[in-house]
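> Dropping a structure here in structure tokens format, bear with me for questions.
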Amino acid sequence: MRGILSNASGLVLILFLSVGLLAPGAVKAQEDKKALIERGQYLFAVTGGCACHTDPKGTPHAGARSFPIPFGTAYSTNITQDKETGLGGWSDKEILDALVKGIRPDGSRKPPVMPYEAYSGMAEEDLKALIAYLKTLKPVRKETPALKSWVPFLRSVATPIWLKLFGRFSSSPAKAPEKGIERGRYLVDHVSLCSECHTPRNSIGVPNRALYLAGAKVGPLGEEMPNITSDKETGIGEWSREDIAEFIVTGTKPDLDNAQGLMEEVIAAGYKQMTKEDALAIADYIKSVPPIFNKIK
């Protein structure tokens, strides 16, 4: 009996020591996961809260927002964790492929109205964090309307041809720049996507890179997008870096007028949570871009 008790005590001691050794590792893993999701939540905000996936009159992140494209009408995806109509059944790899390649789980291509070309330059660490946060979004059942187009085989044939001729993908760095003008450029081109809205496109959706950030008479939703280069006559040449940073997070212009349209939406959905350091980095980068005369109004 004494031997049995001794053996039992030994097993209890071993289990106790094992749990004691494993517990710190488990706690560390939970802390790391929490930090990753918090980082992803911030990045989600800095993208403008992925406002394109929210219909102004609908449920946040449930998609079905219509976007005019040169070949018809596209609808944003439900990015909640609903398993039937959202991303709930998608793996991390499938979400990543959609974000940076525009490839759906069934292998079909998303039209480039989804800015996956821009997101292809997002840092690997940021993509991982963003995906971790997306997987926390409360599931909402809402079907995404089918793509409407007068072009036959838009997904399977036309989109790949368009990308082959005009697409511009980037290599994803392991880590994102942490500060300065490079941080600003990274945010403008690959996260906050200022360049996507403020660079004009031609009739088939090809960006006019000679007018980078110089505004567009017809933006993503058909509205005018202002020239945000430092041109003093048609751009924001009179704005200080502090003016630009203030506008990004509050929507208030130096003349106390307010942002309208899509800019107002992305500020409310996420930009307002941007750190002052990131807003100033964007401002410094924008002010470093050569001024371009391009009168929008």
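> So, in the range 100-115, of the ones that are within 19 Å of Ala62 (Cα to Cα) and in contact with an Asp or Glu (Cβ under 6 Å, 6 or more places away or on another chain), which residue ends up surrounded by the most Cβ atoms within 10 Å (Cβ to Cβ)?
My answer is Pro115.
> Looking only at the range 199-213, decide whether some residue is open to solvent by less than 20 Å² (accessible area, probe 1.4 Å) and farther than 20 Å from Tyr285 by Cα.
yes
> Any chance the range 171-179 includes a residue that's open to solvent by less than 20 Å² (accessible area, probe 1.4 Å) and either in a loop (DSSP other than H, G, I, E, B) or out of contact with any Phe, Trp or Tyr (no Cβ under 8 Å at 6 or more places or on another chain) (or both)?
Yes - at least one qualifying residue is present in the range 171-179.
> Scanning the range 116-146 for residues that are open to solvent by less than 30 Å² (accessible area, probe 1.4 Å) and assigned to a loop (DSSP other than H, G, I, E, B), which turns out nearest to Trp162 (Cα to Cα)?
Ser120
> Same structure again: Could you tell me which of the residues Ala210, Ala214 is over 20 Å from the mean Cα position of the chain (by Cα), more than 25 Å from Ala45 (Cβ to Cβ) and either polar (S, T, N, Q) or assigned to a loop (DSSP other than H, G, I, E, B) (or both)?
Selected residue: Ala214, the only one of Ala210, Ala214 that is over 20 Å from the mean Cα position of the chain (by Cα), more than 25 Å from Ala45 (Cβ to Cβ) and either polar (S, T, N, Q) or assigned to a loop (DSSP other than H, G, I, E, B) (or both).
> Give Gly40, Gly48, Gly58 a once-over and let me know the one that is assigned to a helix (DSSP H, G or I) and either more than 26 Å from Trp162 (Cα to Cα) or more than 16 Å from the chain's Cα centre (by Cα) (or both).
Criteria check complete, one pass: Gly40.
> For the range 159-167, indicate whether the set of residues that are in contact (Cβ under 8 Å) with a residue 24 or more places away in the chain, closer than 30 Å to Ile248 by Cα, open to solvent by 80 Å² or more (accessible area, probe 1.4 Å) and under 21 Å from the mean Cα position of the chain (by Cα) is non-empty.
No, there is no match, as no residue in the range 159-167 is in contact (Cβ under 8 Å) with a residue 24 or more places away in the chain, closer than 30 Å to Ile248 by Cα, open to solvent by 80 Å² or more (accessible area, probe 1.4 Å) and under 21 Å from the mean Cα position of the chain (by Cα).
> Restricted to the range 20-54, and to residues that are at pLDDT 80 or above and among the aliphatic types (A, V, I, L, M), which residue is surrounded by the fewest Cβ atoms within 10 Å (Cβ to Cβ)?
The residue in question is Ala35.
The values are calculated or read from the model by the stated rules, or taken from the named source; none is laboratory data. For clarity, every value in this text was computed on a predicted model and none was experimentally measured. In this analysis, Cβ positions are derived from the backbone assuming ideal geometry, glycine residues included, and neighbour counts consider all displayed protein chains. Ligands, DNA and RNA are stripped out before the accessible areas are found, and what is left, the full protein with its side chains, is counted by its heavy atoms. Shrake-Rupley method; radii C 1.70, N 1.55, O 1.52, S 1.80 Å.
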